[in-house]
Amino acid sequence: MVAASPGRVLRLAGSALVVLVAEPLYLLLDLAVVGRLGAADLAALTVGALVLSVVSTQLTFLSYGTTARSARKFGAGDRAGAVAEGVQASWIAVGVGLLIVVVMQLAGPAVLSALTGDDALARSATGWLRIAVCGVPFILLSMAGNGWMRGVQDTRRPIVFVSAGFAISAVLCPLLVHGLAGAPRLGLPGSGWANLIGQGIAGIAFVARVIRENAVAGGTSSIRPHRPMIIAQLRLGRDLIVRSLSFQVCFLSAAAVASRVGVAAVAAHQTVLQVWNFLSLVLDSLAIAAQSLVGAALGARVRIGDQAARDATSIAMRVTRLSVALAVGLAVVLAAGHTVLPRIFTADNAVLDAIAVPWWFLVVMLPLAGVVFALDGVLLGGGDAAYLRTTTLGAALIGFLPLIWLSLIFSWGLVGIWSGLTAFMALRLIALVARMRSGRWATIDLKT
């Protein structure tokens, strides 16, 4: 059986968490550095960074999908095949990344103009985006690298590569933006260059590693593109992109409705949503551990037969228990600190009053999320992306969107919005538990 002791799960989760939080932490530094230039530059950075995030994060299948396929081969004792998945995912990263660069260089000005409605702001944001978007191929290469390394359960190198890239960006950002230590004072474009250089270093490190691993593992395939494997990865990626878009639709709709309730309501909603986003990274790290371990367990079917499914189920239960325990602990902290913690984010009494509603919804949602995130990881490890796509989209269409728009029509405010988010989570929970009990997730063949 693939080892799934609490220590191993936590090592995998810890590695994933460091990688997940590195970018948000760097963005905070970037905002602080650029914010000293003035409100106009800060606004341009936030808009440009939003566009960059949207165009790159939709391709997280390069990480999650590659982990599932790589882990399956690793569990079967085929390390060369597991690394080959990383090679082919890297080719997808380069191809799609270059396409995004070209499209955004051409369409970026129009997109930013439509978002901002301000010509001066759009011009500033465009200047930043045209530099930073050149880093998208490297961002995607890092995603692919994280994917196959998680698949072979390499927990150290992803931390080193990602941390090194962001550390270099963190040093360069103030130097290039403000012209410190003899560096040229580039202003807002300096932030874009710092971002590009750091992403480039991390991406190149992942490429160098996959090439070396391919040679060391004695891969029978060369590092050239392998069309059947790329098609199989893109098929899995299609399902994960639709799933990701379902999340985007839900959260964008929630923000749109909250903005129509009032200033205090939208501030409260976005504040609690940011707390949720951070906590979701913590839970997602355990889901990634589940994905890697379950994928490897199921890959062992070629050696141990039906025992592989039983091992994968055992791992799923262990990780789910850990995830629920963590989620309940976080919920207790939020409940105990409901009068203190919100004041970290604002001193405005109207916003503090409004926060009470989504805050308690978040407390209720967290234990549900503990199960949902863990089982998401389990099913991804089993390659059950099509089921996740369909049920996530269904939960959005049946549970969330009706409540969110009824909330707008009948003026239910934040209660209606967060009832919709809770229903979305509850429906996903029901679907995931049903799938787990069926056992079908453990029988999917990830064809090349």
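Coordinate-derived values only; no laboratory data. Just so you know, these numbers come straight off a predicted model, no measurement behind them. Neighbour counts are summed over all protein chains in view; Cβ atoms, including those assigned to glycine, are modelled from backbone coordinates with ideal geometry.
See the values below:
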{"quantity": "Assigned charges on the beta-carbon of Lys, Arg, Asp, Glu; the chain dipole about Cα centre (debye)", "calculated": "1280"}
{"quantity": "Inter-label distance for Ser113 and Arg212, nm, one decimal - labels placed 7 Å from Cα along Cα-to-Cβ", "calculated": "4.8"}
{"quantity": "In order through region 149-159: 3J(HN,Hα) via Karplus (6.51 cos²θ - 1.76 cosθ + 1.60), integer Hz, x for Gly, Pro", "calculated": "5, 5, x, 8, 6, 8, 9, 8, 5, x, 4"}
{"quantity": "Check: region 1-225 dipole with +1 on Lys, Arg Cβ and -1 on Asp, Glu Cβ, in debye", "calculated": "700"}
{"quantity": "Cα shape, region 232-448, gyration tensor, a/c 1.5 rule", "calculated": "prolate"}
{"quantity": "Theoretical ellipticity at 222 nm over the chain - DSSP helices of four or more residues, -39500 (n - 2.57) apiece, nearest 500", "calculated": "-28500 deg cm²/dmol"}
{"quantity": "Region 1-225 - percent relative contact order, Cα under 8 Å, separation 6 or more", "calculated": "28"}
{"quantity": "Per-residue ³J(HN,Hα) for region 438-443, Karplus 6.51 cos²θ - 1.76 cosθ + 1.60, θ = phi - 60°, Hz, x for Gly and Pro", "calculated": "5, x, 5, 4, 8, 10"}
{"quantity": "Positive-end residue of Leu326, Ser438, Gly299, charge dipole of the chain with Cβ unit charges", "calculated": "Gly299"}
{"quantity": "Order by protection proxy (mean Cβ within 10 Å, highest first), peptides 232-238, 292-298, 381-387", "calculated": "292-298, 381-387, 232-238"}
{"quantity": "Peptides ranked, highest mean first, by Cβ atoms within 10 Å: ranges 41-52, 147-158", "calculated": "147-158, 41-52"}
{"quantity": "Shape of region 1-225, Cα gyration tensor, a/c cut at 1.5", "calculated": "prolate"}
{"quantity": "For a label point 7 Å along the Cα-to-beta-carbon line of Thr346, residues of region 262-286 with backbone N under 14 Å", "calculated": "262-275"}
{"quantity": "For Thr66, net neighbour charge (Lys/Arg +1, Asp/Glu -1) across residues whose Cβ lies under 10 Å away", "calculated": "+1"}
{"quantity": "Which of Gly38, Gly75, Val101, positive extreme of dipole for region 1-101 (C-beta unit charges)", "calculated": "Gly75"}
{"quantity": "Phi to ³J(HN,Hα) by Karplus 6.51 cos²θ - 1.76 cosθ + 1.60 over region 377-390, Hz, x for Gly, Pro", "calculated": "x, 4, 5, 5, x, x, x, 8, 5, 4, 5, 4, 4, 5"}
{"quantity": "Neighbourhood net charge (14 Å Cβ-Cβ; Lys/Arg +1, Asp/Glu -1) for Leu20", "calculated": "-1"}
{"quantity": "Full-extension gain in nm, Ala426 to Gln307, via 0.36 nm per residue minus C-alpha separation", "calculated": "39.7 nm"}
{"quantity": "Cut-off 11 Å between beta-carbons: net charge of the residues surrounding Ala80, Lys and Arg +1, Asp and Glu -1", "calculated": "-1"}
{"quantity": "Selection from Ser244, Ala265, Leu366 lying farthest towards where the dipole of region 232-448 points positive, charges on Cβ", "calculated": "Ser244"}
{"quantity": "Normalised contact order of region 232-448, rounded percent, pairs of Cα under 8 Å and 6 or more residues apart", "calculated": "31"}
{"quantity": "Among 207-217, 10-20, the order from most to least packed when residues are scored by Cβ within 10 Å on average", "calculated": "10-20, 207-217"}
{"quantity": "Shape call, the chain: gyration tensor on alpha carbons, a/c limit 1.5", "calculated": "oblate"}
{"quantity": "Rounded to the nearest 20 debye, dipole of region 249-351 from Cβ charges on Lys, Arg, Asp, Glu", "calculated": "200"}
